[in-house]
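Comments concern the structure below.
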Amino acid sequence: MTEHRQSVRTKLRSRIRIIHDSIGEIETVTRDISDTGVFLLMDTIPLPNIGTVVKGQVMGLPGGDAPVLDMEVVRSDAEGIGLRFVN
């Protein structure tokens, strides 16, 4: 498999809230994060389709919850989904 990532991934396990009409509001955890996106572990949670834009918020950070961001589903596998931050 060819590697397409342009940003370094950092392993980070953090709670995250995802909001979209197709899945409602769910909480799961991150597997890793980079400057351009995040991978979410969602093995037992319904997956939004690739191309779907969801709202996401990392929770429980030392300074408080992160801002709510738009993120696009760019890939999925058996473990979860990869999201790209949308400007």
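Quick one: is L40 part of a loop (DSSP other than H, G, I, E, B), in contact (Cβ under 8 Å) with a residue 12 or more places away in the chain and of a type outside the set (F, W, Y)? In short, no.
Considering the range 43-85 alone, what residues qualify as being in a loop (DSSP other than H, G, I, E, B) and among the acidic types (D, E)? Walk me through how you get there before you give the answer.
So in the range 43-85, the residues in a loop (DSSP other than H, G, I, E, B) come out as 43-52, 60-68, 77-79.
Result: D43, D65, D77, E79.
Within the option set V29, V86, V38, being within 12 Å of the chain's Cα centre (by Cα) and farther than 20 Å from R13 by Cβ holds for one residue only, V86.
Quick one: in the range 64-76, of everything that is of a type outside the set (V, I, T) and modelled with pLDDT of 90 or more, which residue is surrounded by the most Cβ atoms within 10 Å (Cβ to Cβ)? Spell out how you get there, then give the answer.
Within the range 64-76, the first condition is being of a type outside the set (V, I, T), and the residues that meet it are 64-67, 69-72, 75-76.
Now drop any that are not modelled with pLDDT of 90 or more, which leaves 67, 69-72, 75-76.
Values: P67: 8, L69: 15, D70: 13, M71: 24, E72: 16, R75: 13, S76: 16.
Only one residue tops the list, namely M71.
Count of the range 7-63 residues, restricted to those that are small (G, A, S) and surrounded by 13 or more Cβ atoms within 10 Å (Cβ to Cβ), is 4.
The values are calculated or read from the model by the stated rules, or taken from the named source; none is laboratory data. All values reported here derive from a predicted model rather than from experimental measurement. As a convention, Cβ positions derive from the backbone with ideal geometry for all residues, glycine included, and neighbour counts pool all protein chains shown.
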